[in-house]
Each structure stands twice: as structure tokens, then as C-alpha cells.
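What follows is calculated from the coordinates using simple rules that are stated; it is not laboratory data. Note that the coordinates shown come from a computational prediction; the quantities given were computed from them, not determined experimentally. Every residue, glycine as well, gets a Cβ built from its backbone with ideal geometry; the counts of neighbours run over all protein chains shown.
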Amino acid sequence: MGNRGMEDLIPLVNRMQDAFSAIGQNANLDLPQIAVVGGQSAGKSSVLENFVGKDFLPRGSGIVTRRPLVLQLINCPTEYAEFLHCKGKKFTDFDEVRQEIEAETDRATGQNKGISPVPINLRVYSPNVLNLTLVDLPGMTKVPVGDQPADIEHQIRDMLMQFVTKDNCLLLAVSPANSDLANSDALKIAKEVDPQGLRTIGVITKLDLMDEGTDAREILENKLLPLRRGYIGVVNRSQKDIDGKKDINAAMAAERKFFLSHPGYRHLADRMGTPFLQKTLNQFRFCSYNTHVISDFVPNINKTCILLKGIVDLLWYSDAI
């Protein structure tokens with residue numbers, strides 16, 4: 001099946017997943033996903049916002065992502081967002097998207113920084129995105145904060161494992177350049193569940209915040225703690241940029257300039273940055289769809305359709321009486 005066929009299949013599968021989710025059932029359509037993992041303050045949220053080109057994720061100190069966020073990016077001429085739990089409502093103001101994520105998180109977890117494995121499903125339609133499905137997961141932590149349970153580290157780990165142990169889940173292992181890579185929480189998880197490195201891509205953030213006279217050249221050249229798929233460096237907006245509402249497009253231009261002008265990275269510039277990361281993920285997606293969807297999903301589509309028809313018939317019968 002070519003790329004065009006895959007592009008047509010993906011929205012069909014998404015609608016089927018929604019149909020099952022709406023009635024509280026698991027569709028068992030184990031499709032390729034990209035799980036974004038990393039420690040707290042590694043820069044995961046900024047990476048995702050760069051993909052979308054909008055500020056829409058909650059920010060703050062401690063554990064900000066407290067439920068998995070399944071983020072489906074859909075290339076579309078118009079720009080808006082939809083939540084599965086807000087049927088029929090289109091969000092065009094992405095500040096409201098952030099507020100809804102916060103509110104829906106609190107509805108399931110309370111306001112005491114607790115966590116829940118129940119995902120929030122968000123779709124973003126935009127002409128500026130590639131068709132990708134990403135899962136933003138809570139940052140790994142070791143010390144409980146406030147009213148968090150003493151075993152918060154194990155709870156987060158268990159939640160992560162529900163996603164990252166699947167063979168068709170690509171791990172986007174996000175690590176900051178200004179910390180020792182050998183202690184990276186994301187790489188520890190990746191090495192555990194993907195020892196051969198077949199489905200792990202390393203993402204190095206905060207390259208612009210490294211101490212003067214140091215760089216991450218050996219990491220980005222895949223010489224230090226090498227990964228089969230290597231590392232991609234990105235430069236996110238600083239907190240000052242975010243507070244000052246710096247446009248993400250301007251930030252992308254600044255990122256490109258950073259790699260082209262840095263003496264340690266300019267020879268790698270064409271393989272660094274957010275656009276190259278998106279392109280790499282898109283290539284993985286088609287490879288995974290060819291491998292998993294064709295072999296696993298398509299042969300069972302008749303069975304799935306029969307089950308869906310039975311559900312529809314049951315709902316029609318219930319309405320009739």
C-alpha cells in the first residue's frame with residue numbers, strides 16, 4: 001500500500017477508535033504511536049508545541065502532564081482542535097485548549113498533583129502539521145510533591161510501560177543537553193524496553209543552554225551512548241520567549257540559525273532541528289503502518305466491522321424501544 005493509501009487509511013482507523021472509545025470499549029487496533037518520554041523539565045512540551053506551531057500545553061513546576069495526552073495531528077486546510085470528551089465542540093483559541101486540558105486533568109486526578117492512566121484524546125487540524133499520532137506522557141520523577149502518593153515514581157513508570165512496551169511504539173527519548181546523558185531517565189527506559197534500539201530516537205534539547213566552551217557534538221554525532229537511529233538536536237523557546245509570546249515560526253528560524261552558525265554543529269545542520277525531526281517521524285510512521293497495519297489490522301477488518309455493525313444495531317434497537 002503506497003503513501004496515498006496509508007493517508008486514506010489513517011483517518012478511517014481514527015474514526016473506528018473513536019467509535020469504540022465512545023462506548024467504553026477497546027478497539028484492539030494496535031496502531032503505531034510515538035511516545036514522548038523524558039524527565040521533568042526535559043523540554044517535552046516545547047518539542048510537541050513546535051510540531052503544532054501553537055502554545056497549547058500546560059506549563060509549570062513539578063509534574064505538569066498528569067494524564068497521557070494522545071495527540072493526533074491531522075493535515076487540514078483549516079485550523080482547529082477537538083477533544084474526544086467534548087463532542088461537537090471546535091476549539092479555535094489554543095489558550096482554551098490548554099485550559100480544557102488542565103480542567104479535564106483535574107476532573108480525573110483532583111488538584112493535588114495526582115496522576116491518572118486514563119488518556120485525554122486531542123486532535124489538532126492544521127495546514128501546518130504532518131499526520132502524526134503522539135502520546136505525551138508524565139515526566140519521570142523520584143520525589144513526591146504535596147499530596148502525591150509515596151509511590152508516585154512507580155505509578156508513573158507503570159503508566160509509561162503501558163505504552164512503551166508495545167513493539168509498534170516509537171520512543172522519542174527527550175534528554176536535555178545540559179545534564180549528564182548517562183543519567184537520562186528517557187534513555188534508561190528506552191534501553192530497558194528496546195535494547196536493540198530499533199524504535200528509539202534520541203532528542204537532545206537545551207543545546208543553547210550548555211556552559212560556555214562545552215557542546216554536545218559527540219552525542220549528536222552518535223559517538224557517545226550511540227543509538228541505532230541516532231540523536232536529533234532541537235532548540236526550543238526559552239521561558240523568556242514563551243512569556244514574551246515569541247512566535248513559534250520565529251523560533252524555528254532562530255533554531256535553524258543556531259545550528260548553521262554554531263562551530264560544533266554546522267556540519268550537522270541538515271540533520272538537526274524540529275523540521276528534520278518531524279520528517280524522520282513521518283518516515284517511521286509509514287514504515288510502521290506498512291509493517292503492522294497491513295499484517296495485523298487489515299486481515300481482521302471484517303471481524304471489526306461485524307462487531308461495529310452489532311453495536312450500531314444494538315444502539316438502534318435500544319432507541320426503538
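Odds and ends about this structure:
- Efficiency of FRET from Cβ geometry, residue 76 and residue 210, R₀ 30 Å, rounded to 0.05: 0.20
- Residue-count net charge about residue 126 - beta-carbon cut-off 9 Å; Lys, Arg +1, Asp, Glu -1: 0
- A Förster radius of 45 Å combined with the Cβ-Cβ distance from residue 253 to residue 150 puts the calculated FRET efficiency at roughly 0.45.
- Members of 89/240; 90/245; 90/142; 89/166; 142/279 lying beyond 30 Å, as alpha-carbon distances in this model show: 89/240; 90/142; 89/166; 142/279
- If the segment from residue 167 to residue 92 were pulled out straight at 0.36 nm per residue, it would be longer than the present Cα-Cα gap by 23.5 nm.
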